[in-house]
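The structure's right below; bear with me while I get my questions together.
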Amino acid sequence: MNWPKLVLTSCFLCCTAIYFPPKRSSKLMNQVREMFYFGYNNYMNHAFPLDELNPHDCNGRGPDYDNPDNININDVLGNFSLGLIDSLDTLAIMGDMDNFTRAISHVIKTVSFDQESTVQVFESTIRLLGSLLSAHLIIAEWKDVFNVTIKEYDNELLSLAHDLGVRLLPAFEGSDGIPFPRVNLKHGKSDLFSHSTCTAGVGTLILEFKMLGRLVGDPMFEIVAKRAMDKLWELRDVKTGLIGNVFNTKTEVWMIR
């Protein structure tokens, strides 16, 4: 018998029972549900098909085309209904199959990544690529778990994910394997603030890229993401074994440790 594992499991169950009894758990779940729908419904009513809801003016906003240097906005927003895509798997987890089905239909009919937008590879991977892959798997692989059936679904979300993945690949064209932080979805690698990237933007892409590669049968996505992760491992401090926070892709020197 694995006693350490048994002890840890028992402690976890006891703590869960103490701090999250059924009544409290139900109350917290309802609060989370209310918070989600407050954001989602207002996005759909006041912002869709733009990327997100501007809470100050209660209207939609997308990329700041007038100021390309505004990376606080442009790293994330790219004129692809980010708020909707970002909500797909949450709707399924909430058990809201009516809104989930409608959201899938909206994405299939309206979303295109053929945009004149320069976006951050990390944000596009975790919020767009991850969401599309998750929703696709819910429909195609886990439909019995989520009790969802979308008639005439023909892998459109996977096709969108594949298209996005191809548009992100130019970020990996550097010789050292470290991806450039930003790409233009229409033209490829971008030189905009291209010399610094965060650790997460290098080492965490393997999850989505590996899954995409396995689903579409193209090993290149997994290869480039793993090469980046391996390179990051090589760059760890020789004394502490730790990695830094921000890396200069041109000088290969840690800017922030």
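The values are calculated or read from the model by the stated rules, or taken from the named source; none is laboratory data. Quantities reported herein were computed from a predicted structural model and do not represent experimental measurements. In this analysis, Cβ positions are derived from the backbone assuming ideal geometry, glycine residues included, and neighbour counts consider all displayed protein chains. Accessible surface is based on the protein model in full, side chains and every heavy atom, while ligands, DNA and RNA are left aside. Shrake-Rupley method; radii C 1.70, N 1.55, O 1.52, S 1.80 Å.
When you scan the range 175-189, do you find a residue that is surrounded by 18 or more Cβ atoms within 10 Å (Cβ to Cβ) and of a type in the set (S, T, N, Q), even just one?
yes
Give me the pairs, please: first residue somewhere in the range 33-57 and closer than 18 Å to ARG102 by Cβ and of a type outside the set (Gly, Ala, Ser), second residue anywhere and open to solvent by 70 Å² or more (accessible area, probe 1.4 Å) and modelled with pLDDT under 95, beta-carbon distance under 9 Å, and either six or more positions apart or on two chains.
Close Cβ pairs (under 9 Å, with a partner that is open to solvent by 70 Å² or more (accessible area, probe 1.4 Å) and modelled with pLDDT under 95) amount to ASN42/PRO55.
Conditions (1) among the aliphatic types (A, V, I, L, M); (2) closer than 25 Å to VAL253 by Cβ; (3) without any contact (Cβ under 8 Å) to a residue 40 or more places away in the chain, marked per residue:
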site	(1), (2), (3)
PHE172	no, yes, no
GLY177	no, yes, no
PHE180	no, yes, no
VAL183	yes, yes, no
THR199	no, yes, no
THR204	no, yes, no
LEU212	yes, no, no
GLY217	no, no, yes
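Could you check the range 96-146 and list, in sequence order, the residues that are polar (S, T, N, Q), over 14 Å from SER159 (Cβ atoms) and either open to solvent by 20 Å² or more (accessible area, probe 1.4 Å) or part of a helix (DSSP H, G or I) (or both)?
Of everything in the range 96-146, those that are polar (S, T, N, Q), over 14 Å from SER159 (Cβ atoms) and either open to solvent by 20 Å² or more (accessible area, probe 1.4 Å) or part of a helix (DSSP H, G or I) (or both) turn out to be ASN99, THR101, SER105, THR110, GLN115, THR118, GLN120, SER124, THR125, SER131, SER134.
Return the total of residues in the range 211-235 being open to solvent by 80 Å² or more (accessible area, probe 1.4 Å) and of a type in the set (D, E, K, R).
4
Please work out which residue is farthest from THR149 (Cα to Cα), limiting yourself to the range 77-95 and to residues that are open to solvent by 30 Å² or more (accessible area, probe 1.4 Å) and not in a helix (DSSP H, G or I).
Among those that are open to solvent by 30 Å² or more (accessible area, probe 1.4 Å) and not in a helix (DSSP H, G or I), it is ASN79.
In this structure, is LEU128 more than 26 Å from ARG214 (Cβ to Cβ) and of a type outside the set (D, E, K, R)?
Against the criterion (more than 26 Å from ARG214 (Cβ to Cβ) and of a type outside the set (D, E, K, R)), LEU128 does not qualify.
Additional query: Residues of the range 194-210 being surrounded by fewer than 19 Cβ atoms within 10 Å (Cβ to Cβ), in contact with a Ser or Thr (Cβ under 6 Å, 6 or more places away or on another chain) and among the charged types (D, E, K, R), which ones?
Of everything in the range 194-210, nothing turns out to be surrounded by fewer than 19 Cβ atoms within 10 Å (Cβ to Cβ), in contact with a Ser or Thr (Cβ under 6 Å, 6 or more places away or on another chain) and among the charged types (D, E, K, R).
Considering the range 169-184 alone, what residues qualify as being of a type in the set (A, V, I, L, M, F, W, C), in a loop (DSSP other than H, G, I, E, B) and either farther than 17 Å from PRO68 by Cβ or at pLDDT 90 or above (or both)?
Within the range 169-184, just ILE178 meets the criteria.
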